[in-house]
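The values are calculated or read from the model by the stated rules, or taken from the named source; none is laboratory data. Remember, predicted model here, so these are calculated numbers, not experimental data. So basically every Cβ, Gly included, is an ideal-geometry build from the backbone, and we count neighbours across all protein chains shown.
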Amino acid sequence: MEAIEILLDCCKRKKMQVTNRGNLQMRGLKESPPHHVYQKLQEVGLASRQLQIDHLRNIMLNPTAGIDREELVDTRVWLKQIIAYMEDNPEKIATLPAKFSIGLDGGGIVGIGSRYNEIQFTATKTGEGILFHLELGGRKTFIPTNIFIAPEYLITCLDSLIEIYRQYVDSRGEGYRLRDLIQEWGVSEYWRRVTALNHFPYYTLQTNSSPSVSCDNIAAYDYKPFPKRDRINPPPGDKPHPEDTDKPHPGDADKPYPGDADKPHPGDADKPYPGDTDKPYPYNLNSFHLGLHRQKQEGLYYLGVALPLGYITRQQWQGLRELVEKSGCGEIRLTPWQSIILPNLSDDTIGETIDTLEKLGLSPRENHSRGNVVACVGKAGCKAGITESETHARMAIEYLGEGKQGKQTPNIHFSGCSKCCAQSTPRQLSFIGCWVWRDGKTVEGYKIYRGDSLIAEVTVEKAISLLPELLKEVNG
Ligand code: SF4
């Protein structure tokens, strides 16, 4: 954490942002950090040892790896192997698109199923033990294959998937992604080439009941719907956002992702604050990882804290570092929902931790407003941006923080244009930047969606003024 402080200082930045891939980002730098800072980041494992690749940002794990009380495997073990593999094969990784992504999900309560990594492995319980289910990222959706890999062959499988992907990109040129490969070849042909390159056993799902293994022969490959798993995946839903101009992958757009986004978190919602039953419990009903949750380690808890649009200041970061040292929680985890997790808290340290977070302006009691609003940077930092989406999202957070919205805190999305980078799937309310025609000229405006229904197309001023009324309507 200290290395990040050094980086912020040398870049003269007072804040940074946790991205929706769970990475840290600083905008508007005019030059690279000096060599000694880069070396420091390398020493602590926050920068690549191979200068031609930036592979750490390509990998995403479920942020509760190793502490999730329902996880099937601790994915951190595999993370080390994947990093080593990528560092040993920089020439392969360097030719892949910068947005190439791998997801590794331990199959616990907090899944990363809504983040659509290009190659995703999710631990799944089967008749043959724990296997990794392979899913492939299409256009803001997953193509859930019926392929399962034994953990010991994960790296061999990944190597083949990457090599064939690399060959495809090489032959087509820059800008091609895995979704293009799949659109052109289909999953079966991709998989045929993958298994022809490296021989390794794999399993396919042959029934609609619980996954069971019946063959490892590509000739028997036959797609069957993946059965629902008994686990909770994060909101939002799975349909592409109506403003999303990317076409969904054929046949997959309407397929629900296994799991049920709206189920409450089992066992936690009504739980009193450990060690202090008088204090209200800082949970957030709409966000499955925010608030306090029991870990799989007896007597330990993790606390999910929402950040306003993912931003954290230099001062807050320093305060968190001191808190980590004092509470003994050992680490801070970044989530792909632009929030943080403080793990390994005990009955003795929770109260003090929350007091410190409140002093730092990061109170978990604000999770309900901060955790429910997402926004892209908008025209302040993006050439395609039409509206100041971040500024407007902050207004929504402030309004929600005042608690005037009624019974529930709806989730809200602001994007500066129709690319919807902040959120690819519908939220309860979405404000999508657009040009509108008023008094003989085009002015900045928003298309407003409730779920996936367009309900208004108005100027920015009008959209902001409608917010209280819309929130009341959402609350019924
Ligand atoms: S949604 Fe539009 S404005 Fe926002 S980051 Fe994406 S391209 Fe830029």
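Would you mind stating whether residue 46 is closer than 23 Å to residue 114 by Cβ and either of a type in the set (A, V, I, L, M, F, W, C) or over 17 Å from the mean Cα position of the chain (by Cα) (or both)?
So residue 46 fails the test.
From 440, 433, grab the single residue that is touching a Cys at 6+ places or on another chain (Cβ under 9 Å) and without any contact (Cβ under 8 Å) to a residue 60 or more places away in the chain.
433
If I go through the range 381-391 residue by residue, how many of them are within 15 Å of residue 311 (Cα to Cα) and modelled with pLDDT of 90 or more?
3
Look through 352, 358 and report the one residue that is without any contact (Cβ under 8 Å) to a residue 12 or more places away in the chain, part of a helix (DSSP H, G or I) and surrounded by fewer than 18 Cβ atoms within 10 Å (Cβ to Cβ).
358 is the lone residue from the list that is without any contact (Cβ under 8 Å) to a residue 12 or more places away in the chain, part of a helix (DSSP H, G or I) and surrounded by fewer than 18 Cβ atoms within 10 Å (Cβ to Cβ).
Across the range 458-473, what is the number of residues that are farther than 14 Å from residue 396 by Cα and under 29 Å from the mean Cα position of the chain (by Cα)?
Counting residues in the range 458-473 that are farther than 14 Å from residue 396 by Cα and under 29 Å from the mean Cα position of the chain (by Cα) gives 1.
Among all residue pairs at least 6 apart or on different chains, which show Cβ distances below 8 Å where the first residue, located in the range 380-397, is closer than 13 Å to residue 421 by Cβ and in the same structural domain as residue 443 (by TED's automatic domain parsing) and the second is more than 9 Å from the ligand (Cβ to nearest atom) and assigned to a loop (DSSP other than H, G, I, E, B)?
The qualifying pairs are 381/27; 381/28.
Report, by residue number, each residue of the range 1-47 that is outside any loop (DSSP other than H, G, I, E, B), farther than 17 Å from residue 312 by Cα and among the acidic types (Asp, Glu).
Matches in the range 1-47: 43 only.
Taking the range 55-82 on its own, how many of its residues are within 30 Å of residue 382 (Cβ to Cβ) and either in contact with a helix residue (DSSP H, G or I) (Cβ under 9 Å, 6 or more places away or on another chain) or part of a strand (DSSP E or B) (or both)?
The total comes to 6.
I'm checking my understanding of the structure. Among residues of the range 379-395 that are within 22 Å of residue 316 (Cα to Cα) and of a type outside the set (Val, Ile, Thr), which one is farthest from the ligand (Cβ to nearest atom)?
395
Which residue pairs have Cβ atoms under 6 Å apart, sit 6 or more places apart or on different chains, and have a first residue in the range 150-163 that is assigned by TED's automatic domain parsing to the domain that holds residue 85 and a second that is of a type in the set (Ser, Thr, Tyr)?
These pairs meet every condition: 155/85.
Tally up the residues in the range 364-378 that are within 11 Å of the ligand (Cβ to nearest atom) and not β-branched (Val, Ile, Thr), please.
Going through the range 364-378 one residue at a time, the tally reaches 3.
One line per residue, one yes/no per condition, for (1) assigned by TED's automatic domain parsing to the domain that holds residue 412; (2) among the hydrophobic types (A, V, I, L, M, F, W, C); (3) out of contact with any Asp or Glu (no Cβ under 6 Å at 6 or more places or on another chain); (4) modelled with pLDDT under 90:
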{"residue": "165", "(1), (2), (3), (4)": "no, no, yes, no"}
{"residue": "168", "(1), (2), (3), (4)": "no, no, yes, no"}
{"residue": "183", "(1), (2), (3), (4)": "no, no, yes, no"}
{"residue": "199", "(1), (2), (3), (4)": "no, no, yes, yes"}
{"residue": "202", "(1), (2), (3), (4)": "no, no, no, no"}
{"residue": "211", "(1), (2), (3), (4)": "no, no, yes, yes"}
{"residue": "228", "(1), (2), (3), (4)": "no, no, yes, yes"}
{"residue": "232", "(1), (2), (3), (4)": "no, yes, yes, yes"}
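May I ask you to list the residues in the range 146-174 that are farther than 21 Å from residue 86 by Cα and either out of contact with any Phe, Trp or Tyr (no Cβ under 7 Å at 6 or more places or on another chain) or in a helix (DSSP H, G or I) (or both)?
Selection gives 171, 172, 173.
In the range 8-43, what residues are under 24 Å from the mean Cα position of the chain (by Cα) and farther than 23 Å from residue 331 by Cβ?
27, 28
Looking only at strands (runs of 3 or more DSSP E) that lie completely in the range 400-476, which have at least 2 residues being farther than 15 Å from residue 373 by Cβ and more than 15 Å from the ligand (Cβ to nearest atom)?
Answer list for the range 400-476: 429-438, 441-450, 453-459.
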